[in-house]
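Let me begin by presenting the structure, written as structure tokens, before commenting on it.
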Amino acid sequence: MIADIDIDGARLLGRLDQFAEIGATPRGGVNRQALTGLDREARSLLAGLAAARGFGVFQDPVANLFIRRSGRDDSAAPLLIGSHLDSQPAGGRFDGALGTLSAFEVLESLEDTGIETERPVEVVAWTNEEGCRFAPGCMGSSAFSARAIPAAWFELVSADGAMFGAELKATLEALPEATMRDFGMPVHAYLEVHIEQGPSLEKEDIPIGIVTGIQGTRWLQVEVSGQTAHAGTTALSYRRDPLRAMISALDTLYSTVMPQDESARFTVGRIEVEPGAINAIPELARCTIDIRHPDSLEVDRLNATIEQCFHERAKVQCCEVLFKRSFDMSPANFPEKLLVVLERAGDVAGLATKRMVSGAFHDALFINRIAPSAMIFVPCRDGLSHNEAEYTAPEHVVSGARVLLQSTVELAKG
């Protein structure tokens with residue numbers, strides 16, 4: 001690591017302002033959803049900035065965008081640094097863009113000082129991390145790590161009526177100056193800067209979070225079936241009320257799952273009943289459950305606990321329960337050797353650090369399957385993200401980029 005190298009903080013902050021104008025919303029946020037014209041505009045701007053500095057510009061079949069600075073051994077596997085440029089419909093200006101532009105600032109700082117790295121360093125802007133226009137999220141990084149685009153994606157239609165395949169084709173064609181490359185590129189390691197999307201760093205006044213891994217996530221769809229009947233004439237002893245069974249189960253789970261394990265996450269995002277008449281006992285009650293934990297065995301245990309609780313409460317109400325698993329993603333544990341590099345970079349930059357687990361999933365989760373990966377978190381005000389009020393203070397923006405720069409210097413040595 002090199003103590004006297006630094007980033008250009010004013011340039012980085014200016015770039016964040018510049019990109020935030022693409023898709024700017026009246027309330028200070030950004031609406032730059034994946035594979036839209038605005039997404040293409042942001043990609044084109046980054047590619048133009050890269051070409052102006054003499055960096056190579058590439059894209060792959062899923063429109064991941066790569067900016068390459070050569071190393072002494074240009075045949076060596078590159079160090080990847082970056083994040084994404086797409087946003088939520090009412091998103092903030094930092095989620096994703098901070099990591100991509102911090103990575104580009106690192107490339108420019110290396111170029112400014114004439115530092116020659118042993119291996120190439122590439123900035124990557126992953127396609128469709130957010131997953132709000134076309135689901136699932138993290139399309140670019142998951143296709144890159146799997147070396148293929150799932151055929152089912154090409155049948156996806158967005159809420160605005162656009163076909164994924166057509167939008168992908170238009171996005172690729174909008175950047176003819178980028179050299180096409182296939183999947184399968186070897187990667188030395190991957191680093192990503194991101195806002196925390198939670199309040200802990202801000203509350204503890206710690207500028208840098210060293211992310212040790214990403215929680216496993218499982219989504220369950222629960223359906224409790226009973227019998228619809230008249231609300232006024234059906235006595236309690238004759239009722240088969242699925243909503244009552246569901247509420248009883250959820251009450252128990254809310255009071256036990258997270259209070260008994262601070263690492264566990266239990267969330268009910270949607271509840272609906274049928275037939276939905278004000279004067280009828282429901283026949284069906286449905287809900288979604290999102291469970292998360294850093295330990296895959298604990299995810300399984302939570303799943304079993306939830307199912308047992310629902311079956312017990314349904315039996316009391318003479319109801320039946322069906323479970324469907326709609327999403328399942330294993331946890332990621334980042335390698336210790338990279339965590340040490342990040343901590344050492346924090347020391348060189350004179351910044352306090354804290355090890356922590358990411359509650360949200362990111363592109364690093366997928367790249368960690370094929371190459372050593374790690375993440376740097378910086379504080380965001382009140383923990384707000386996916387929100388137009390999302391905000392990271394300038395000093396924290398600069399701190400994150402400094403740690404990324406020092407880490408890049410070490411990891412790109414050889």
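The values are calculated or read from the model by the stated rules, or taken from the named source; none is laboratory data. Source: prediction; values computed, not measured. Here the Cβ is made from the backbone with ideal geometry for all residues, glycine too, and neighbour counts use every protein chain on show.
Of note:
- Yes/no for residue 382 being assigned to a helix (DSSP H, G or I), within 22 Å of the chain's Cα centre (by Cα) and over 30 Å from residue 118 (Cβ atoms): yes
- Counting the residues of segment 369-414 that are of a type in the set (A, V, I, L, M, F, W, C), crowded, with 21+ Cβ neighbours inside 10 Å and within 27 Å of residue 132 (Cβ to Cβ) gives 9.
- When 382, 347 are checked against the criterion of being outside the structural domain of residue 262 (by TED's automatic domain parsing), without any contact (Cβ under 8 Å) to a residue 12 or more places away in the chain and among the acidic types (Asp, Glu), a single residue qualifies: 347.
- Test: residue in segment 189-212 that is surrounded by fewer than 23 Cβ atoms within 10 Å (Cβ to Cβ), of a type in the set (Phe, Trp, Tyr) and touching a residue at least 40 places away in the same chain (Cβ under 8 Å): no
- Filter pass, residue 312 being out of contact with any strand residue (DSSP E or B) (no Cβ under 9 Å at 6 or more places or on another chain) and at pLDDT below 95: no
- With respect to the stated conditions, residue 69 is modelled with pLDDT of 95 or more, assigned by TED's automatic domain parsing to the domain that holds residue 174 and surrounded by 16 or more Cβ atoms within 10 Å (Cβ to Cβ).
- Filter result for residue 357 (at negative phi and in contact with a Leu (Cβ under 7 Å, 6 or more places away or on another chain)): no
- Annotation: of all residues in segment 241-266 being assigned to a helix (DSSP H, G or I), more than 20 Å from residue 283 (Cα to Cα) and among the hydrophobic types (A, V, I, L, M, F, W, C), the one that is farthest from the chain's Cα centre (by Cα) is 253.
- Pairs linking a residue in segment 389-411 that is in the same structural domain as residue 88 (by TED's automatic domain parsing) and at pLDDT 95 or above to a residue that is assigned to a loop (DSSP other than H, G, I, E, B) and among the charged types (D, E, K, R), with Cβ atoms under 8 Å and 6 or more positions apart or on different chains, are 389/27; 390/93; 390/95; 402/6; 405/6.
- Any hit, segment 267-276, residues being in a strand (DSSP E or B) and among the small types (Gly, Ala, Ser): yes
- One residue stands out among those in segment 1-47 that are closer than 22 Å to residue 62 by Cα and among the hydroxyl-bearing types (Ser, Thr, Tyr): the one that is farthest from the chain's Cα centre (by Cα), which is 44.
- Count - residues of segment 286-308 that are within 26 Å of residue 227 (Cα to Cα) and either crowded, with 22+ Cβ neighbours inside 10 Å or touching a strand residue (DSSP E or B) at 6+ places or on another chain (Cβ under 9 Å) (or both): 6
- The residues in segment 314-344 that are within 30 Å of residue 203 (Cα to Cα), of a type outside the set (Gly, Ala, Ser) and in contact (Cβ under 8 Å) with a residue 60 or more places away in the chain can be counted, and the count is 10.
- Criterion (among the aliphatic types (A, V, I, L, M), in contact (Cβ under 8 Å) with a residue 24 or more places away in the chain and out of contact with any Asp or Glu (no Cβ under 8 Å at 6 or more places or on another chain)) met by exactly one of 12, 16: 16
- Qualifying residue in segment 153-164 (condition: under 19 Å from residue 69 (Cβ atoms), at pLDDT 95 or above and either crowded, with 20+ Cβ neighbours inside 10 Å or not small (Gly, Ala, Ser) (or both)): no
- Between 204, 223, the distinction of being more than 30 Å from residue 369 (Cβ to Cβ) and outside the structural domain of residue 301 (by TED's automatic domain parsing) belongs to 204 only.
- Matching residues, segment 236-278, being small (Gly, Ala, Ser) and either surrounded by 15 or more Cβ atoms within 10 Å (Cβ to Cβ) or not assigned by TED's automatic domain parsing to the domain that holds residue 221 (or both): 245, 248, 249, 264
- Any hit, segment 10-20, residues being assigned to a loop (DSSP other than H, G, I, E, B) and assigned by TED's automatic domain parsing to the domain that holds residue 161: no
- Output for segment 279-301, where each listed residue is more than 22 Å from residue 198 (Cβ to Cβ), in contact (Cβ under 8 Å) with a residue 24 or more places away in the chain and not small (Gly, Ala, Ser): 279, 281, 282, 283, 284, 286, 287
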